[in-house]
Amino acid sequence: MSFKTLVSKQAALLDKDLMGPEIGFTLEQLMELAGLSVAQAVLKEFPRSQRTKSQVLVLAGPGNNGGDGLVCARLLKLFGFKPVVYYPKHNTKAPFFSKLVKQLKFFKVPVLNTDDDWLRYLNPNDTVCVVDALFGFSFKPPVREPFGGVLNQLRQAQDQIPIVSVDVPTGWDVDEGPVEPNCIVPKVLVSLTVPKPCALKIDPLETQHYVGGRFIPAEFANKYGFEPFAYENADQVVKLVPE
Ligand SMILES: NC(=O)C1=CN([C@@H]2O[C@H](COP(=O)(O)OP(=O)(O)OC[C@H]3O[C@@H](n4cnc5c(N)ncnc54)[C@H](OP(=O)(O)O)[C@@H]3O)[C@@H](O)[C@H]2O)[C@H](O)CC1
Ligand SMILES: [K+]
């Protein structure tokens, strides 16, 4: 499949640019749209008419990828799913992360902490899919605990429960792909703004690939060397199909 990608350093620069003084987005705004994209991809892949269960396990990491997961969980509840969030290491860098957790409580979405038994939700009888919002473009392998254990469990369950990875499949090197042994293989990848080079390493027969994070004009995409993706109508995601 051919599509333009942006290496991790450039992706971080693009984000900084969007949230810089000239353009003026806030992280909260971009995260809301990123979470909406992921929730929409989940709904497209697992529509109500094609499923008998509704639980979704959202694994949220300590950075902004985790924040996308927290937003996604709230929106999945509105879309008719029963999300449960496992959030073992809270983000204390920005105060609004604790507000995202408050909102989840308001929506009666359980948020499990490090000592809670999250594994009981990794159960194919009840769970439609797992949203992997552990790490995105700032992840540097090898993975540190407690996330190594979480990834091991995910890998063992992945043939029974599909994984939907946010931006980057957790554990993959953002630029090189699955270089560590025993990496997870998501059934769905939702690249945000533009795919990272690791997305070139997915097997299209194994992994459905969406692009989301629909928040930049064409000129800005061109500045970073890519063309805007062909979103339809008000969709927040577009599926990339092999040529
Ligand atoms: N424009 C967009 O597309 C937007 C994307 N967003 C999402 O943000 C992430 C990138 O978020 P960032 O906070 O920069 O990084 P991560 O979430 O990937 O991870 C940072 C945290 O991960 C820890 N870390 C890193 N490597 C490891 C490791 N090997 N083991 C354990 N933990 C690790 C890191 O900890 P440090 O101690 O190293 O600081 C951080 O805590 C992007 O991918 C999108 O999903 C935004 O929502 C905005 C718009
Ligand atoms: K991820």
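Values quoted throughout were computed directly from the atomic coordinates according to the rules given, and no laboratory measurement underlies them. Source: prediction; values computed, not measured. Here the Cβ is made from the backbone with ideal geometry for all residues, glycine too, and neighbour counts use every protein chain on show.
Using 0.36 nm per residue, how much length does the chain from residue 144 to residue 50 gain when fully extended, once their Cα-Cα distance is taken away?
Difference between extended and current length: 30.1 nm.
In what sequence, highest mean first, do 56-62, 145-151 appear when ranked by Cβ atoms within 10 angstrom?
Ranked from most to least packed, the peptides come out as 56-62, 145-151.
Can you list the trypsin sites (Lys or Arg not before Pro) in the stretch 68-124 that are in a DSSP coil and have 14 or fewer other beta carbons within 10 angstrom?
Here the sparse-neighbourhood loop sites are 93, 108.
Can you work out the Karplus-derived ³J(HN,Hα) for every residue in the stretch 9-19? Use 6.51 cos²θ - 1.76 cosθ + 1.60 with θ = phi - 60°, whole Hz, and x for glycine or proline.
3J(HN,Hα) across the stretch 9-19, in whole Hz: 5, 5, 4, 5, 5, 4, 4, 5, 4, 4, 9.
In terms of the ratio Rg/(2.2 N^0.38 Å) built on C-alpha atoms, what value belongs to the stretch 1-47?
In units of the globular-protein estimate, the stretch 1-47 measures up at 1.45.
For a footprinting-style exposure proxy, rank 25, 81, 106 by other Cβ within 10 Å, fewest first. Display every interim value, and only then the final one.
Details: 25 15, 81 25, 106 9.
So the residues, fewest neighbours to most, are 106, 25, 81.
Quantify how much of the Cα-Cα distance distribution of the chain extends past 26 Å, in percent.
The calculated P(r) of the chain puts 32 percent of pairs beyond 26 Å.
Using 1/(1 + (r/R0)^6) with R0 = 22 angstrom and r between the beta carbons of residue 78 and residue 22, what's the FRET efficiency to the nearest 0.05? Present the calculation step by step, with values, prior to reporting the outcome.
Details: r = 33 Å, r/R0 = 1.52.
Working from the Cβ atoms, E equals 0.10.
Run the quick spin-label model on residue 160 and residue 2: label points 7 Å from Cα toward the beta carbon, then report their separation in nm to one decimal.
Roughly 4.3 nm, to one decimal.
With the convex hull built on the Cα atoms of the stretch 62-201, state its orientation-averaged projected area in nm².
8.3
Would you mind pulling out the separation of the Cα centroids of the stretch 164-243 and the stretch 1-67, in Å?
Taking the Cα centre of the stretch 1-67 as reference, the centre of the stretch 164-243 is 10 Å away.
Say the cut-off is 32 Å between C-alpha atoms; which of 9/77; 9/105; 16/77; 16/201 go over it? The partial results should precede the final answer.
On the way: 9/77 34 Å; 9/105 35 Å; 16/77 30 Å; 16/201 26 Å.
Exceeds cut-off: 9/77; 9/105.
If amide H atoms are built 1.01 Å from N in the plane of the peptide, which residues on other chains or at least 5 residues away come under 5 Å of the amide H of residue 173?
Those lying under 5 Å, H to H, from residue 173 are 179, 180.
Under 5 Å between amide H atoms, partner at least 5 residues away or on a different chain: which partners does residue 129 have, H built in plane at 1.01 Å?
57
Over the Cα atoms, compute the radius of gyration (one decimal) and Dmax (the largest Cα-Cα distance, rounded to a whole number) for the stretch 129-199, in Å.
11.0, 30
Which value at 222 nm does the chain reach when only helices count, each DSSP H run of 4 or more adding -39,500 (n - 2.57), with the total divided by all residues and rounded to the nearest 500 deg cm²/dmol?
That calculation yields -9500 deg cm²/dmol at 222 nm.
Three principal axis extents, largest first, for the C-alpha atoms of the stretch 15-108, in Å?
Cα spread of the stretch 15-108 along its principal axes, largest to smallest: 47, 25, 20 Å.
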